[in-house]
Amino acid sequence: MEDAKFIDVNGTRTRYFEAGQGEPLLLIHGGQFGMYNSARDWDRNWEDFTKDFHVYALDKVGQGHSDNPARADDYLLGTATQHVYDFMQAVGLEKAHVAGHSRGGYLVARLALEHPEVVKSLIMIDSGSLMWSTPEFYEDLNKRAEAYTDVREKHRFILEGSSFAGTIATDEWLDDVTTYVDAPKNREAMATMAEMWPTLDIDHQKNRDDTHDWIRAGGLKDMPTLVIWAYDDQGAPIIKNGIPCMHLILPNVPNSQMHILNQSGHYVFREHPQEFNAVIRTFIHGL
Amino acid sequence: MENPKFVDVEGIRTRYFEAGQGEPMVLISGGQFGSFNCATDWDLNFDDLAGDFHVFAVDKIGQGHTDNPKDPSDYILGTAVQHLHDFLKAVGLEQAHLVGHSRGGYAIVRLALEHPEVVKSLTIVDSGSIMHEAAPFYVELAEKAAHITDPREKHEFMMVNSSFSGTIVSDGWLDDVMSFVTTPKYRIAQETDVEMWPTCHVDHVARQKETKEWIAKGGLSDLPVLVTWAYNDQGAPIEECGIPAMHLILPSVPNSRMHIFNQSGHYVFREHPKEFNATVRTFIQGL
């Protein structure tokens with residue numbers, strides 16, 4: 001995963017990666033403004049995907065090396081959805097298979113709701129935020145991470161603490177995180193996020209409920225959809241989030257399916273990259 | 001799916017189909033003695049799988065064109081497991097990927113328990129018989145079909161009503177079923193199965209419990225396992241059987257996963273043959 005590019009997306013300088021040829025596949029990472037997640041989350045999947053797809057991964061607005069939202073009032077999940085849409089316009093991507101992890105999974109569902117014409121198929125991965133919030137796990141993990149003063153070790157702890165096997169933090173990922181997570185831009189995003197959290201959370205709950213109603217009313221009925229879940233996800237548990245997600249999607253989306261990978265925490269595409277990529281490839285090639 | 005072969009399996013004349021080259025794969029149908037299920041349940045999958053694998057499909061003992069058990073006391077599920085083992089030996093298969101549907105899924109798990117050396121991997125498809133004791137759905141279905149006197153119509157009715165879409169009956173399958181369901185052999189198997197049912201059932205319940213305990217203790221811990229389920233299976237419902245099967249297998253089998261197909265009844269490999277084959281192919285080729 002090399003040669004990051006930058007593009008102006010309606011005034012938001014945006015980092016992205018692009019490689020390969022074939023069906024366009026856009027990867028959307030999780031987290032929100034000021035969090036450590038970025039396009040680099042996909043570094044263990046990237047090379048393999050480029051053999052079959054024209055792959056894109058971007059840093060969402062206010063994450064990684066993409067600019068922060070212009071105003072504090074823009075610290076809403078909808079801002080990230082609009083940014084992804086505008087990004088597709090900016091790079092000339094008319095329509096793509098979109099795969100979203102965690103809050104990125106919620107984002108791709110909203111993208112299909114707001115701009116269905118740009119979505120070829122939908123892949124939602126361990127998207128707790130599409131379902132019900134379970135903040136306890138991350139609150140506890142972040143609290144335990146405070147013991148680390150070294151930024152690199154702190155983020156290694158956080159990522160491995162979200163995993164099943166503790167083997168998912170690569171040097172490449174850690175190197176990249178250290179380039180932005182403590183920089184002034186990201187500190188500002190974190191501070192604004194903390195301030196705006198109550199507004200974002202209320203807005204998210206309402207939009208999430210609207211999204212469920214829309215899905216139940218057949219909003220995704222023409223969209224090929226793959227739901228992926230990790231059996232051992234602690235932040236978005238299979239019983240509390242994964243199974244309800246299955247019951248939300250499958251009855252309302254004719255061309256949908258669910259795949260559950262084993263011995264994996266939240267970052268299933270990092271924990272089992274080969275199997276994860278094979279499942280995605282089989283899904284898209286089967287359309 | 002053409003040119004059936006016959007082989008003597010410890011005195012049981014056994015019908016099977018064989019085609020293709022590659023990793024050996026054996027497809028095991030559901031049902032039991034005197035059920036209409038047989039090797040041609042896989043007629044919508046067989047030729048495509050033969051493009052990648054050395055595929056076998058066998059009529060289990062007392063089903064299709066394979067001889068009945070010699071003694072009424074042999075009308076227990078363990079007899080079918082031993083017959084499968086002996087069949088593998090008779091055709092010179094030292095080890096194979098086993099794909100088992102319904103009672104065939106239970107049979108391959110027992111085969112892994114009793115003869116682990118012959119199993120390369122397990123694909124367990126909608127196997128209610130691993131999980132629950134009885135499926136009233138089939139009793140009710142048989143009652144609903146009782147008024148149909150024409151055997152062809154009767155079996156078409158039962159198959160259609162086990163499905164989601166009603167489009168899973170092929171002429172090839174129906175022709176084949178007609179070639180055995182009116183034979184004296186078949187009638188004897190049905191009558192003996194009814195007579196021996198209480199014994200068979202008590203034995204099955206005891207062995208089912210033993211099998212679950214064995215799995216939970218790590219009996220399958222070294223085997224690659226794929227569990228697949230149809231979201232709309234009426235005989236082996238996802239809530240009652242599928243989710244519990246996931247919770248039985250995934251925590252105890254490191255190299256396992258679950259795939260849930262949508263808009264399908266019990267015969268998921270007939271209802272979505274392309275998607276089913278692709279999922280099995282991805283699983284086995286990823287090992």
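The values are calculated or read from the model by the stated rules, or taken from the named source; none is laboratory data. Note that this is a predicted model, so its numbers are computed, not measured. Quick reminder, even Gly has a Cβ in these numbers, built from the backbone with ideal geometry, and neighbours come from all protein chains shown. To get the accessible areas, we keep the full protein, side chains included, count just its heavy atoms, and leave off ligands, DNA and RNA. Shrake-Rupley method; radii C 1.70, N 1.55, O 1.52, S 1.80 Å.
Quick one: is residue B:156 part of a helix (DSSP H, G or I) and over 14 Å from the mean Cα position of the chain (by Cα)?
yes
Take residue A:242 and tell me if it is surrounded by 20 or more Cβ atoms within 10 Å (Cβ to Cβ) and small (Gly, Ala, Ser).
Against the criterion (surrounded by 20 or more Cβ atoms within 10 Å (Cβ to Cβ) and small (Gly, Ala, Ser)), residue A:242 qualifies.
Which is part of a strand (DSSP E or B) and either farther than 22 Å from residue A:236 by Cβ or of a type outside the set (Asp, Glu) (or both), of A:108, A:98?
Result: A:98 is the single residue among A:108, A:98 that is part of a strand (DSSP E or B) and either farther than 22 Å from residue A:236 by Cβ or of a type outside the set (Asp, Glu) (or both).
Could you tell me whether residue A:159 is under 21 Å from residue A:233 (Cβ atoms), buried (at least 16 other Cβ atoms within 10 Å of the Cβ), at pLDDT 95 or above and out of contact with any Ser or Thr (no Cβ under 8 Å at 6 or more places or on another chain)? Don't jump to the end; show me each part of the working.
Working: under 21 Å from residue A:233 (Cβ atoms): yes; buried (at least 16 other Cβ atoms within 10 Å of the Cβ): yes; at pLDDT 95 or above: yes; out of contact with any Ser or Thr (no Cβ under 8 Å at 6 or more places or on another chain): yes.
Yes, satisfied.
Given the criteria open to solvent by 30 Å² or more (accessible area, probe 1.4 Å), more than 9 Å from every other protein chain (Cβ to nearest Cβ) and of a type in the set (S, T, N, Q), does residue B:199 qualify?
yes
Within the range A:37-67, count every residue that is closer than 18 Å to residue A:105 by Cβ and either without any contact (Cβ under 8 Å) to a residue 12 or more places away in the chain or of a type in the set (A, V, I, L, M, F, W, C) (or both).
7
Out of A:287, A:248, I need the residue that is within 14 Å of chain B (Cβ to nearest Cβ), open to solvent by less than 30 Å² (accessible area, probe 1.4 Å) and touching a Lys or Arg at 6+ places or on another chain (Cβ under 9 Å). Which one?
Testing whether each residue is within 14 Å of chain B (Cβ to nearest Cβ), open to solvent by less than 30 Å² (accessible area, probe 1.4 Å) and touching a Lys or Arg at 6+ places or on another chain (Cβ under 9 Å) leaves just A:248.
Is there any pair linking a residue in the range B:184-211 that is closer than 21 Å to residue B:109 by Cα to one that is acidic (Asp, Glu) and assigned to a helix (DSSP H, G or I), with Cβ under 8 Å and at least six apart or on different chains, and which?
B:200/B:193
Within the range A:190-206, does at least one residue satisfy the condition of being open to solvent by less than 30 Å² (accessible area, probe 1.4 Å), closer than 23 Å to residue A:158 by Cα and in contact with a Gly (Cβ under 8 Å, 6 or more places away or on another chain)?
yes
Residue B:147 passes all but one of (1) touching a residue at least 24 places away in the same chain (Cβ under 8 Å); (2) not in a helix (DSSP H, G or I); which number fails?
Going through the list (1) touching a residue at least 24 places away in the same chain (Cβ under 8 Å); (2) not in a helix (DSSP H, G or I), residue B:147 breaks only (1).
For residue A:86, all conditions in the list (1) touching a helix residue (DSSP H, G or I) at 6+ places or on another chain (Cβ under 8 Å); (2) part of a helix (DSSP H, G or I); (3) closer than 28 Å to residue A:206 by Cβ hold save one; what is the number of the exception?
(1)
Taking only pairs six or more apart or across chains, which ones have beta-carbon atoms under 7 Å, a first residue in the range B:268-287 that is under 12 Å from residue A:285 (Cβ atoms) and within 10 Å of chain A (Cβ to nearest Cβ), and a second residue that is buried (at least 20 other Cβ atoms within 10 Å of the Cβ) and of a type in the set (Lys, Arg)?
If the second residue must be buried (at least 20 other Cβ atoms within 10 Å of the Cβ) and of a type in the set (Lys, Arg), no pairs are left.
If I go through the range B:22-65 residue by residue, how many of them are open to solvent by 10 Å² or more (accessible area, probe 1.4 Å), under 16 Å from residue B:97 (Cβ atoms) and assigned to a loop (DSSP other than H, G, I, E, B)?
The qualifying residues number 3.
Could you count how many residues in the range A:260-278 are facing chain B (nearest Cβ under 7 Å), open to solvent by 10 Å² or more (accessible area, probe 1.4 Å) and touching a helix residue (DSSP H, G or I) at 6+ places or on another chain (Cβ under 8 Å)?
Qualifying residue count, the range A:260-278: 3.
So residue A:138 fits all but one of (1) closer than 24 Å to residue A:178 by Cβ; (2) modelled with pLDDT of 95 or more; what number is the exception?
Of (1) closer than 24 Å to residue A:178 by Cβ; (2) modelled with pLDDT of 95 or more, only one is false for residue A:138: (2).
For residues in the range B:227-240 being over 16 Å from the mean Cα position of the chain (by Cα) and more than 12 Å from every other protein chain (Cβ to nearest Cβ), which is least open to solvent (accessible area, probe 1.4 Å)? Talk me through it step by step, then tell me what you get.
First pass over the range B:227-240, keeping only residues over 16 Å from the mean Cα position of the chain (by Cα): B:231-232, B:234, B:237-240.
Next, from what is left, pick out any that are more than 12 Å from every other protein chain (Cβ to nearest Cβ): B:234, B:237, B:240.
On the way: B:234: 91, B:237: 35, B:240: 102 Å².
Filtering the range B:227-240 for residues that are over 16 Å from the mean Cα position of the chain (by Cα) and more than 12 Å from every other protein chain (Cβ to nearest Cβ), the one least open to solvent (accessible area, probe 1.4 Å) comes out as B:237.
Filter the range B:245-267 down to the residues that are at the interface with another protein chain (Cβ under 7 Å from one of its Cβ atoms) and assigned to a loop (DSSP other than H, G, I, E, B), then identify the one that is farthest from the chain's Cα centre (by Cα).
B:254
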